[in-house]
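Remarks on the structure that follows.
The values are calculated or read from the model by the stated rules, or taken from the named source; none is laboratory data. For clarity, every value in this text was computed on a predicted model and none was experimentally measured. Methodologically, a virtual Cβ is constructed for each residue, glycine included, from the backbone with ideal geometry; neighbour enumeration extends over all protein chains shown.
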Amino acid sequence: MFPAGTLKSLLDPLTCKGLTLPMDDTNVHLAIDLGGSSGRVIAGFVHAGQLQLEQVHRFANDAVWIQDSLQWDLTNLWQQILAGLRMASDRYSKIASVGVDSWGVDYILLDHQDLFAGPARTYRDPRTVGILEKAYEIVPREDIFAATGIQFMVINSLYQLLAARLADETSLKIADGYLMIGDCFHWLLTGKRSIEATNASTSQLIDPTTKTWSDDLIERFGLPRNIFIDLIEPGSTLGPVQPSVASVTGLEEVPVVVPATHDTASAVLSVPVNDFAPDKPTWCYISSGTWSLMGCELSEPRVNALCSELNFTNEGGVGGSTRLLKNIGGLWVFQQIRKALERRGDPPSWDDMVTAAESAQPFALLVNPDDPSLVAPEDMITAIEQLAASTGQASPTDHSVLFRAALEGLALRYRACLEMLESLVGNRIETIHIVGGGSQNHLLCQMTADACNRTVIAGPVEATAIGNVMMQMIGTGGLDSVASGRVLVRKSFDTLEFEPQNPDAWTDPASRFAKL
């Protein structure tokens with residue numbers, strides 16, 4: 001997740017309320033946090049009653065086109081992870097555990113010799129274009145939702161696997177095991193195969209009630225059942241790093257403790273509230289980065305007709321909880337506008353983009369971040385100009401209009417999502433917690449408060465890494481529960497509060513936005 005419009009770069013050392021290096025006898029937990037554009041090795045430890053974080057190593061994660069397939073470069077990621085672990089081993093004297101989190105839905109297949117059976121394709125790979133219609137011909141949409149409670153997105157593992165089967169891909173025919181991305185690196189660390197429950201839930205192959213694989217769906221879609229092993233829960237210990245890893249990194253006998261491997265599941269753990277998985281939530285979260293994941297933490301899934309109609313998802317959380325949420329385009333549009341300007345030789349800084357957006361005319365252009373034309377355009381500025389023409393809007397007159405439209409569109413999408421959430425949980429949500437890199441974009445936070453007419457609490461920024469470290473601490477006995485972990489978060493990390501200032505100004509734009 002990247003910080004849009006920040007005054008403090010995430011490339012700087014991570015701090016909470018003043019970083020202090022750990023004493024020799026302090027347990028240090030290493031969070032390997034993998035995102036769609038970068039990865040990091042982050043050290044977490046408690047000093048003077050506060051959780052401290054330090055970034056040990058940061059590296060790029062660039063997808064690669066090979067023939068007509070967009071793939072993750074897992075070999076490079078593994079090399080970078082090993083390098084980061086070596087740095088950590090040299091820096092800290094008492095490393096208590098290591099664990100990996102990553103994005104959802106993507107997977108790798110292993111063969112019977114415990115080697116990669118094929119490439120790790122990205123969720124933006126074009127093989128899933130039109131796959132939902134083909135899936136519904138095999139299993140009706142309502143049956144899929146009833147079995148899984150998961151929203152319908154072409155990127156879900158189910159549809160990637162179906163695309164592989166329909167294309168007669170060799171990797172699926174010879175597969176002996178299925179692992180998601182975090183699981184893949186836990187396997188590389190320990191030599192042991194495992195599938196962690198929170199990330200597995202994003203596959204759209206898990207029964208939300210039994211929290212096990214849906215054998216019926218797997219059979220009806222013609223997928224090989226033998227590749228799906230039993231799930232493990234966050235906090236489980238897989239064992240020490242294997243000798244080949246220890247020799248390269250110096251991490252002798254360091255246990256691998258599985259966090260909530262889905263990055264959003266880890267990020268939700270860091271929300272600084274004083275409850276866990278309530279029946280009637282009065283708060284919701286937005287895990288804000290390239291994607292925005294907006295939802296509520298609940299004790300039970302909501303698998304019903306309204307949830308299906310609104311296309312919300314019931315993903316697994318820690319301790320048997322449910323993350324009722326919707327995926328929103330997030331800061332992707334804002335990021336890609338800058339990418340387009342970079343290709344033109346005129347890249348502004350993130351801060352300059354936010355400053356320009358602040359001075360631009362409000363609501364001069366409405367852009368839905370979830371419009372299909374903005375998912376993976378060759379040039380985001382050209383795509384927005386075409387979208388403006390197709391929706392009867394004036395073409396943006398300057399870059400500041402583009403910047404503001406990207407942020408206003410996101411805030412308006414949050415407003416619509418909030419209304420849906422309240423209808424699903426059956427009560428009013430009073431507070432919106434924004435965590436992750438986007439929490440540093442104060443203009444977006446204020447826009448969200450105004451658009452939704454709710455209090456917004458922004459922070460912590462390093463939500464995913466915090467949740468990863470928290471779960472490792474629970475797994476090793478350093479914390480006794482999520483509740484005590486959230487107490488530690490509130491003591492350790494500052495937040496900012498944004499109150500609505502002019503919510504009435506968003507009423508008419510919201511009406512126009514809904515028609516898009």
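Screening the candidates Phe221, Phe185 for the property of being assigned by TED's automatic domain parsing to the domain that holds Tyr159, among the aromatic types (Phe, Trp, Tyr) and surrounded by fewer than 21 Cβ atoms within 10 Å (Cβ to Cβ) yields one hit, Phe221.
Among the residues in the stretch 264-276, are any buried (at least 24 other Cβ atoms within 10 Å of the Cβ) and closer than 30 Å to Ile174 by Cα? For the stretch 264-276, residues buried (at least 24 other Cβ atoms within 10 Å of the Cβ) and closer than 30 Å to Ile174 by Cα: absent.
The residue of the stretch 38-92 that is surrounded by the fewest Cβ atoms within 10 Å (Cβ to Cβ), among those that are at pLDDT below 95 and among the acidic types (Asp, Glu), is Asp68.
Among the residues making up the stretch 104-123, none is over 9 Å from Trp72 (Cβ atoms), among the charged types (D, E, K, R) and under 15 Å from the mean Cα position of the chain (by Cα). So is Leu410 assigned to a helix (DSSP H, G or I), in the same structural domain as Gln335 (by TED's automatic domain parsing), surrounded by fewer than 23 Cβ atoms within 10 Å (Cβ to Cβ) and touching a helix residue (DSSP H, G or I) at 6+ places or on another chain (Cβ under 8 Å) or not? No. Based on this model, can you work out whether Gln446 counts as more than 22 Å from Thr264 (Cα to Cα), in a helix (DSSP H, G or I), at pLDDT 95 or above and not hydrophobic (A, V, I, L, M, F, W, C)? Yes: the conditions hold for Gln446. Only residues that are assigned to a loop (DSSP other than H, G, I, E, B) and of a type in the set (Gly, Ala, Ser) were counted in the stretch 338-367, giving 4. Of all residues in the stretch 341-352, those that are in the same structural domain as Glu378 (by TED's automatic domain parsing) and within 24 Å of Gln440 (Cβ to Cβ) have Cβ atoms under 8 Å from Cβ atoms of residues that are assigned to a loop (DSSP other than H, G, I, E, B) and modelled with pLDDT of 95 or more, 6 or more apart or on another chain, in Leu341/Pro348. When the helices (runs of 4 or more DSSP H) confined to the stretch 149-245 are screened for residues that are farther than 21 Å from Ser266 by Cβ and modelled with pLDDT of 95 or more, those reaching at least 1 such residues are found at 157-166, 170-173, 215-220. For the stretch 390-407, the condition of being in contact (Cβ under 8 Å) with a residue 60 or more places away in the chain, touching a strand residue (DSSP E or B) at 6+ places or on another chain (Cβ under 9 Å), within 30 Å of Leu324 (Cα to Cα) and part of a helix (DSSP H, G or I) holds for none of the residues.
None of Asn468, Asn441 is of a type in the set (S, T, N, Q), under 21 Å from Gln50 (Cα atoms), in contact with a Gly (Cβ under 7 Å, 6 or more places away or on another chain) and buried (at least 22 other Cβ atoms within 10 Å of the Cβ) except Asn468. Could we say that Leu205 is in the same structural domain as Leu161 (by TED's automatic domain parsing) and either among the aromatic types (Phe, Trp, Tyr) or touching a strand residue (DSSP E or B) at 6+ places or on another chain (Cβ under 7 Å) (or both) here? Judged against the criteria, Leu205 is a match.
Can you name the residue in the stretch 297-337 that is surrounded by 20 or more Cβ atoms within 10 Å (Cβ to Cβ) and part of a helix (DSSP H, G or I) and, of all such residues, is nearest to the chain's Cα centre (by Cα)? The residue in question is Trp332. If the condition is being assigned to a loop (DSSP other than H, G, I, E, B) and β-branched (Val, Ile, Thr), then the stretch 278-296 contributes Thr282, Thr290.
Here is a yes/no grid of residues against (1) in contact with a His (Cβ under 8 Å, 6 or more places away or on another chain); (2) among the charged types (D, E, K, R); (3) more than 18 Å from Ser201 (Cα to Cα):
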{"residue": "Lys94", "(1), (2), (3)": "no, yes, yes"}
{"residue": "Leu109", "(1), (2), (3)": "no, no, no"}
{"residue": "Glu133", "(1), (2), (3)": "no, yes, yes"}
{"residue": "Glu137", "(1), (2), (3)": "no, yes, yes"}
{"residue": "Asp143", "(1), (2), (3)": "no, yes, no"}
{"residue": "Ala146", "(1), (2), (3)": "no, no, no"}
{"residue": "Ser157", "(1), (2), (3)": "no, no, no"}
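Identification of strands (runs of 3 or more DSSP E) wholly contained in the stretch 54-126 with 3 or more residues that are under 30 Å from Pro22 (Cα atoms) and in contact (Cβ under 8 Å) with a residue 24 or more places away in the chain yields 95-101. Of the numbered criteria (1) modelled with pLDDT of 95 or more; (2) closer than 30 Å to Val258 by Cβ, the one Gly330 fails is (1).
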